1. If Phe63 meets every condition in (1) among the hydrophobic types (A, V, I, L, M, F, W, C); (2) assigned to a helix (DSSP H, G or I); (3) touching a Ser or Thr at 6+ places or on another chain (Cβ under 8 Å) apart from one, which number is that one?
2. Could you list, in sequence order, all residues of region 20-30 that are exposed (fewer than 15 other Cβ atoms within 10 Å of the Cβ) and under 14 Å from the mean Cα position of the chain (by Cα)?
3. Select, from Pro78, Pro92, the only residue that is modelled with pLDDT under 80 and in contact with a helix residue (DSSP H, G or I) (Cβ under 6 Å, 6 or more places away or on another chain).
4. Filter region 7-25 for residues that are of a type in the set (Gly, Ala, Ser) and over 9 Å from Asn40 (Cβ atoms) and give the result.
5. Scan region 37-76 residue by residue and report those that are at positive phi and either in contact with a Leu (Cβ under 6 Å, 6 or more places away or on another chain) or buried (at least 16 other Cβ atoms within 10 Å of the Cβ) (or both).
6. Tell me, please, whether a residue that is in a helix (DSSP H, G or I), under 16 Å from the mean Cα position of the chain (by Cα), more than 16 Å from Lys2 (Cβ to Cβ) and at pLDDT 85 or above can be found in region 31-41.
Amino acid sequence: MKRLTAEFLGTAFLLAAVVGSGIMAAKLAGGNGALALLCNTLPTGAILAVLILTFGPVSGGHFNPAVSIALALRREVPSARKSPAALSACLPRTPCLSCRYGKCR
C-alpha cells in the first residue's frame, strides 16, 4: 500500500508542477516561446529529481504508467506489481485530462 500511495502522490505532485510551471511560464515569458519552454523545463526537472529521491526508495519512482508497462514487458518488475503501479500512476491524471479537454470548462 505504501508503494501505491507513493506512486499516486508522486504522479500528482509531478502533474501539478508541470501544469503550474507551464501556466506561470506562459505568463512570465511575455510571448517568448523559448523562454517559456525554459521556464517550464527547469522546474519540471527539479521537481522530478526531488520526487525520485523522495519516493524512489519506496516505489521505484516511476510516476508514469508507460515506465511501469515497459518494465513489466521487459520482465523487470514482478507480475504482482504491474497493474496496481500503472493504475496508481493513472488516477491523478484523470481529473487533469478531463479539465484539459474541456469537460470542466
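The values are calculated or read from the model by the stated rules, or taken from the named source; none is laboratory data. Predicted model only: the values in this text are computed from it and were never measured. FYI the Cβ positions are ideal-geometry reconstructions off the backbone, even for glycines, and counts take in every protein chain you see.
1. Among (1) among the hydrophobic types (A, V, I, L, M, F, W, C); (2) assigned to a helix (DSSP H, G or I); (3) touching a Ser or Thr at 6+ places or on another chain (Cβ under 8 Å), the lone unmet condition for Phe63 is (2).
2. Gly20
3. On the way: Pro78 fails: in contact with a helix residue (DSSP H, G or I) (Cβ under 6 Å, 6 or more places away or on another chain).
Testing whether each residue is modelled with pLDDT under 80 and in contact with a helix residue (DSSP H, G or I) (Cβ under 6 Å, 6 or more places away or on another chain) leaves just Pro92.
4. First, pick out the residues of region 7-25 that are of a type in the set (Gly, Ala, Ser): 10, 12, 16-17, 20-22, 25.
Matches in region 7-25: Gly10, Ala12, Ala16, Ala17, Gly20.
5. First, the residues of region 37-76 that are at positive phi: 60-61, 63, 75.
Across region 37-76, the qualifying residues are Gly60, Gly61, Phe63.
6. At the first step, the residues of region 31-41 found to be in a helix (DSSP H, G or I) are 33-41.
Pick out the ones that are also under 16 Å from the mean Cα position of the chain (by Cα) and you get 40-41.
Still in the running and more than 16 Å from Lys2 (Cβ to Cβ): 40-41.
Filter again for at pLDDT 85 or above, leaving 40-41.
Yes, because at least one residue in region 31-41 is in a helix (DSSP H, G or I), under 16 Å from the mean Cα position of the chain (by Cα), more than 16 Å from Lys2 (Cβ to Cβ) and at pLDDT 85 or above.
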